[in-house]
Amino acid sequence: MRDERTAAAPVTVRCRGINSYLVDGLDGKLLIDPGWPHCLPELKSGMKETGLRLSSIRYAITTHAHPDHAGGLQTLKRLCGVRLIAHERQIAALDDLNAFFKRKPDPGFEPIVIGAEDLVVGTPNRAALASIGIRGEIVETPGHSEDSVTLITDEGWAFTGDLTRPDMVPDESAAAVTASWRTILAHRASRIYPGHGGPIEAAAIEEILRARSSGL
Ligand SMILES: [Zn+2]
């Protein structure tokens, strides 16, 4: 049953082609994907347009540790005291992201540090998410990258990051991508909120998978 807090859709804020999403958590918002290192001002003004303040963000998840999705994470942590909610399979990839920016310095990037205040979860993690007011689950969805995860809320919203659409996937990663989409659908996702572009109905993904498996 839905309670009064349930919104019709997550708040979407865009910065340089990247979608950041906001959903309700305990005493504040959960941000999915902070974006590039320099995205914070755009995130702030985008939130302001919807009547939200940057300081309302209490938690952050990144769908995967690529520069355009996780680059602004540490700045957000430092400025707003945001707690990172990370899946354990992402820890090594976050280290790799720090190493990437060491090789290609960006003055806006702050190295990501996972501290005692952050929450590192395994699989399953429903109870851990419930402790911060998120009703849903983070599922492992490799394919675009090894560390990719998808948050699926009880509203049926699935935040898939860069998981490639099953009809656009190159052959070499088709098996992993298809398996990840099946995992997402098995968790009763109804609407897909990708890292780039607009939302997609889960039924459309299901149809593509059906066509693929029947060789159409
Ligand atoms: Zn990516």
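Coordinate-derived values only; no laboratory data. Keep in mind that what you see is a predicted model, and the values were worked out from it rather than measured. Cβ sites come from the backbone with ideal geometry, for glycine too, and all protein chains shown count toward neighbours.
Filter the range 78-91 for residues that are within 12 Å of VAL113 (Cβ to Cβ) and crowded, with 22+ Cβ neighbours inside 10 Å and give the result.
Listed by number, the residues that qualify are LEU84, ALA86.
With the condition kept exactly as written, say whether any residue in the range 86-93 is touching a residue at least 24 places away in the same chain (Cβ under 8 Å), within 21 Å of ILE152 (Cβ to Cβ) and polar (S, T, N, Q).
Checked against the condition, which is being touching a residue at least 24 places away in the same chain (Cβ under 8 Å), within 21 Å of ILE152 (Cβ to Cβ) and polar (S, T, N, Q), the range 86-93 yields at least one hit.
Please go through the range 133-145 and pick out each residue that is in contact with a Gly (Cβ under 8 Å, 6 or more places away or on another chain) and more than 14 Å from the ligand (Cβ to nearest atom).
Those that are in contact with a Gly (Cβ under 8 Å, 6 or more places away or on another chain) and more than 14 Å from the ligand (Cβ to nearest atom): GLY133, ILE134.
What about PRO67, is it surrounded by fewer than 23 Cβ atoms within 10 Å (Cβ to Cβ) and more than 23 Å from PRO142 (Cβ to Cβ)?
Judged against the criteria, PRO67 is not a match.
Examine the range 165-176 for a residue that is in contact with a strand residue (DSSP E or B) (Cβ under 9 Å, 6 or more places away or on another chain) and hydrophobic (A, V, I, L, M, F, W, C), and state whether such a residue exists.
no
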